[in-house]
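Here's the structure we're looking at; comments come further down.
The values are calculated or read from the model by the stated rules, or taken from the named source; none is laboratory data. Since the model is a prediction, treat every value here as computed from it, not as a measurement. Counting neighbours? That spans all protein chains shown, and the Cβs are built from the backbone with ideal geometry, glycine included. Quick note on the areas: whole protein, heavy atoms, side chains included, nothing else; ligands and nucleic acids left out. Shrake-Rupley method; radii C 1.70, N 1.55, O 1.52, S 1.80 Å.
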Amino acid sequence: MVERVGQGPPARRAETTRGAPSRSRFTTAVRSARLWLQELGGYTIALLTVAVAVVAAVAVTGYFLSRAENGRRPPDTGSRSSKDVDACLLTGEDGITAGTTAAQVWQGMRDASLRSHARVSHVPVTGERSPAGARRSLDGLLRRSCDVVLAAGTPEVQAAERAAPLHRTVAFVLVLVGDGDGDGGNGSRGTGSARPAGSGGNSGNITFARPGDGLRAEIAGAVERQAGTRG
């Protein structure tokens, strides 16, 4: 009796034949990766693992830091803050010595600074006691981009009054003292051009003030108004 050897369905044989190359490629890739790792050695693999961990940690830290920084950043209003307003005082050679008009003016400026955060500074005029000598110191203040210039002293007031029409973006606050009301040269006597307090002058950027009990508050108010306007 002759026994016939059966053959599998043609479709199954074809499927088996097609699947063999895929398994062969996967097996080859696995074998290559295993050989590569064996060649690297344990120390190199450890270094690679540490490097990958460091890169991941840096990336995660940078992400959270950027989110925190964006959360703290105040909105940009596009306007200038009042703390960026500079108020500068020009005085005689005695500066802001206690008991002088310049000292009262300086106290008012400091009061305004505390309430508006404007920056305040003072510069004494040294050398020649004349409007020309004061003008040299005044020009230095204007080059420093002072937004508000205050002057106490006869030559200082005269120099500032003459400069005001040439610097209309700067506000000038001038302390006038009439004859016989002087204090030794710092907000001193005799400007020859005394005007009522609050007068704006011809140039429109001058405010006049006179010494007295209310000078400190008047100066503080003038500086605060300018800080508010320009801030």
- For a quick protection proxy, order the peptides 125-131, 157-163, 213-219 by their average other-Cβ count within 10 Å, most packed first. 157-163, 213-219, 125-131
- Note on the structure: Order by accessible surface, 1.4 Å probe, largest leading, for residues Phe26, Phe172 comes to Phe26, Phe172
- Message: Per 0.36 nm of contour for each residue apart, how much would the distance between Glu93 and Ser121 grow if the chain were fully extended, relative to their Cα-Cα spacing?
- Response: 8.6 nm
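Any idea what the alpha-carbon Rg over 2.2 N^0.38 Å comes to for region 83-135?
Cα-based Rg divided by the globular estimate yields 1.22.
Among 98-107, 85-94, how do they line up by average Cβ neighbours within 10 Å per residue, starting with the highest? Mind dumping the intermediate values first?
Details: 98-107: 21.5, 85-94: 24.0.
Ranked from most to least packed, the peptides come out as 85-94, 98-107.
What do you reckon, how do His122, His117 stack up by accessible area (1.4 Å probe), largest on top? The partial results should precede the final answer.
Numbers: His122 70, His117 120 Å².
Order by accessible area, largest first: His117, His122.
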- Once the piece of chain linking Phe64 and Phe26 is laid out straight, how much longer is it, given 0.36 nm per residue of separation minus the C-alpha distance between them? 9.7 nm
